[in-house]
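Student: I'd like to ask you about the structure that follows.
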Amino acid sequence: MSSDPNKAQSGRMNSITRRLRAAWMRKSLLRIVISTLLLFALACLGWMGVQEYRALGFLKWNIGRSFFVERTVGGRITELYYRIVNAGEDPVEIAAGRAFTVICIAFAALLILRLFWLFVFSGPRESRRIRTILAPLNDLALKADELSRMEFGEDKYHVIEDAISQLDADESSRLSLGDSDLAGIEAAINNLLVRIRESNMQQARFVNDASHELRTPIAVISGYADMLARWGKNDEKVLNEAIAAIQTESGRMKHLVEQLLFLARGDSGKTTLTLEDVSLTSMMREAYEESVMIDEKHVYRFSEPENDMVIKADAGLLKQAVRILLDNAAKYTKEGDEIMLSCGEDDGHPYLQVQDCGIGMAEDNVAHMFERFYRADEARSFEGTGLGLSIAKWIVDKHKGHFEILSRPDIGTRIRIVL
Ligand code: ATP
Ligand code: MG
């Protein structure tokens, strides 16, 4: 076996080229022989046709045709004849020897010429073509060979181990191996570090925001509890105010903790979807009827589609996403104004839609509305934590759907869940 990889590879290339060329030559030879024979047969038929037309003055399919040879007494062939017999007429015999010889010689010459062309010009050209096609594969094989021979000794593993163990947990720390062979590994580990840090920061921000949101109701509740302890027990006014405030704040806290729990369960993969056939029209009609019942301050309308759509979805979760959209629509729309529910199919995609004519959003806010704890400035005068749409997005993402949002400040918002 050759120890030079270039030589060995070039040998392999030559052998592959030879095999491919031999296969191509076999196919070409067969093609040339068959096509020449076909042409020869056509030439013979053409000659016969011309002779028949000359003898009879017309061409006819069903006449008798035969060939026979004339021999000397010793058995030597002196002439080949073509005999035509038209019914009711005398047979016509035409000497065919000369013409047949000319046709045979012409086609033998044609065959030789084509074979000469194949071996002298087409064959070598095909070899060059095969080599050009195989060239990238050849380069690849050489590169792979080079890589497989590349020394990746134990010392390189130690370099990586040492560099990783010296990494700091702080934000700016990067892995530096100082070895060009390890540049790819260095870049991959540094990218991984950036992603881990981003995720850690997100987690820290989430915990920070959550604690911040929980602090307010806790402060209010403990404030009222102190007030009750000092003077409230005997003062009915203070007592009632404290009870009402504690009820409101504990309700708010419960809602917040439920939202946090949903997202935490979602992030840890504990919430799983139970897919079943869900009729979008029935689901939206139910949501509409519930809204009419629980919110008398707005006018709800449901535009029912002509054809129902049944999709595979988690009915409970999808309904929860619709409820989040409806809560927002009610919260950010003036009393007495209309909120419109609809569902259907657009371009083959089923959708659920809630449209309001409330405070709307500027484009900048739309870009952030699904972020956890995000609330537009205009929304801060309303109750809320900024987690509703994060939950809705988690649900829609899990259904492999997306949101389409159309919103204009002071005109309204249309949010569509496309599934
Ligand atoms: P909650 O977690 O209690 O639902 P929230 O309604 O503020 O609080 P999201 O539902 O996540 O939080 O909405 C995020 C932000 O998107 C809102 O604070 C608001 O600024 C904007 N927004 C959402 N829906 C609408 C809407 N229909 N009209 C106007 N702004 C909206
Ligand atoms: Mg909301």
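The values are calculated or read from the model by the stated rules, or taken from the named source; none is laboratory data. Just so it is clear, the structure is predicted and the values come from calculations on it, not from any experiment. Here Cβ is always computed from backbone atoms with ideal geometry, including for glycine, and neighbour counts include all displayed protein chains.
Student: Hey, can you tell me all the residues within the stretch 215-244 that are over 26 Å from Leu256 (Cα atoms) and assigned to a helix (DSSP H, G or I)?
Tutor: Taking the stretch 215-244 and keeping what is over 26 Å from Leu256 (Cα atoms), we get 229-238.
Matches in the stretch 215-244: Ala229, Arg230, Trp231, Gly232, Glu236, Lys237, Val238.
Student: Where in the stretch 309-419 are the helices (runs of 4 or more DSSP H), entirely inside, with at least 1 residues that are crowded, with 17+ Cβ neighbours inside 10 Å and away from ligand 1 (no atom under 12 Å from the Cβ)?
Tutor: Here the list reads 315-331, 388-398.
Student: Give the residues of the stretch 67-118 that are assigned to a loop (DSSP other than H, G, I, E, B) and within 22 Å of Glu52 (Cα to Cα), sorted by residue number.
Tutor: The answer is Asn86, Ala87, Gly88, Glu89, Asp90, Pro91, Ala96.
Student: Continuing with the same structure: What about Leu38, is it assigned to a helix (DSSP H, G or I) and surrounded by 10 or more Cβ atoms within 10 Å (Cβ to Cβ)?
Tutor: yes
Quick grid of which residues meet (1) away from ligand 2 (no atom under 12 Å from the Cβ); (2) of a type outside the set (Val, Ile, Thr); (3) within 23 Å of Asp397 (Cβ to Cβ):
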position	(1), (2), (3)
Leu317	yes, yes, yes
Ala321	no, yes, yes
Leu325	no, yes, yes
Asn328	no, yes, yes
Asp337	yes, yes, no
Leu352	yes, yes, yes
Asn365	yes, yes, yes
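Student: Can I ask one more? Filter the stretch 361-419 down to residues that are basic (Lys, Arg), over 20 Å from Phe262 (Cα atoms) and modelled with pLDDT under 95, then give me how many there are. Can you show your working first?
Tutor: The first filter runs over the stretch 361-419 and keeps only residues basic (Lys, Arg), leaving 372, 375, 380, 393, 398, 400, 408, 414, 416.
Subsequent filtering for residues that are over 20 Å from Phe262 (Cα atoms) retains 380, 408, 414, 416.
Adding the requirement that they be modelled with pLDDT under 95 leaves 380.
Residues meeting the conditions: 1.
Student: Please verify whether Ser211 is surrounded by fewer than 14 Cβ atoms within 10 Å (Cβ to Cβ), free of Cβ contacts under 8 Å to residues at least 12 places away in the same chain and away from ligand 2 (no atom under 16 Å from the Cβ), treating the condition exactly as stated. Steps first, please.
Tutor: On the way: surrounded by fewer than 14 Cβ atoms within 10 Å (Cβ to Cβ): yes; free of Cβ contacts under 8 Å to residues at least 12 places away in the same chain: yes; away from ligand 2 (no atom under 16 Å from the Cβ): yes.
Yes, satisfied.
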